[in-house]
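Just below is one structure, and these are the notes that go with it.
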Amino acid sequence: MTPAKRAFDLVLALVLAFPLVPLVAGISLWILIREGRPVFYVAERMKAPGQPFMLWKFRTMTIAQNDSGVSGGDKADRITPTGRFLRRTRLDEIPQLFNILRGDISFVGPRPPLRRYVERFPALYAEVLKSRPGVTGLATLAYHRTEERLLARCRTPEETEAVYTRRCVPTKARLDLIYARNHNVCYDLRLMVATVFHRLPLRAARRRQPSADG
């Protein structure tokens, strides 16, 4: 991560932290009353090959023993009513400000992967994770809905794993590498604005390759 990108992350995270404190408190209380403990979901992710960290989010699913892998249709019935709202609005991501302040992730970059995928595709993630992972990014904006649609059709953990590794991992990696070739502070700001308004910038959309289902 460049010094300019790190400085941008720190300043923006500090600016956002104070006004978001009441929102974090309100969401935490709501989850505690409606869904019970724990309020937060804390899980290992990778910020670089061989460098794990603990990612923080608001909990959106019921607790299950030996849960692993990405979320597909096989886990849909575990999403809580509050969790559906938090996921739809992306409010579940707010606790990641803590990870940004720690330097684990940036505001913009590849989504931090699970260790199992970094170890399964070491050459691919060695390139992708040259960029610091982020809360949002080009791949998140361009492919998130397609990924959700593909994984929602899966009915078993095995099917979810197969679809994710065959269809999602390579496509998101290509988009992450496009971001790596073009990123700067202005580009990051455009992607952040696009995240808020749920609309990918036209120029970024033209850079997508191949099609999301390819």
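Restricting attention to region 111-138, which residues are more than 22 Å from PHE58 (Cα to Cα) and hydrophobic (A, V, I, L, M, F, W, C)? Within region 111-138, VAL118, PHE121, ALA123, LEU124, ALA126, VAL128, LEU129, LEU138 qualify.
With respect to the conditions (1) open to solvent by 50 Å² or more (accessible area, probe 1.4 Å); (2) not in a helix (DSSP H, G or I), ALA123 lacks only one, and its number is (2).
The set of residues in region 29-49 that are farther than 25 Å from VAL108 by Cα and surrounded by fewer than 16 Cβ atoms within 10 Å (Cβ to Cβ) comprises LEU29, TRP30, LEU32, ILE33, ARG34, GLY36, ARG37, PRO38.
In region 50-86, of all residues being of a type in the set (A, V, I, L, M, F, W, C) and closer than 22 Å to LEU150 by Cα, the one that is most open to solvent (accessible area, probe 1.4 Å) corresponds to PHE85. Given the condition small (Gly, Ala, Ser), over 26 Å from VAL11 (Cα atoms) and either open to solvent by less than 20 Å² (accessible area, probe 1.4 Å) or in contact with a Leu (Cβ under 6 Å, 6 or more places away or on another chain) (or both), answer yes or no: does some residue in region 163-176 qualify? Yes: region 163-176 contains one or more residues that are small (Gly, Ala, Ser), over 26 Å from VAL11 (Cα atoms) and either open to solvent by less than 20 Å² (accessible area, probe 1.4 Å) or in contact with a Leu (Cβ under 6 Å, 6 or more places away or on another chain) (or both). Contact map, region 10-39: residues that are at negative phi paired with residues that are open to solvent by 40 Å² or more (accessible area, probe 1.4 Å) and assigned to a helix (DSSP H, G or I), Cβ distance under 6 Å, separation 6+ or inter-chain. Pairs shown: ALA13/LEU101; VAL39/LEU32.
The values are calculated or read from the model by the stated rules, or taken from the named source; none is laboratory data. Keep in mind that what you see is a predicted model, and the values were worked out from it rather than measured. With ideal geometry, Cβ positions are generated from the backbone for all residues, glycine too; neighbour counts draw on all protein chains shown. Accessible surface is based on the protein model in full, side chains and every heavy atom, while ligands, DNA and RNA are left aside. Shrake-Rupley method; radii C 1.70, N 1.55, O 1.52, S 1.80 Å.
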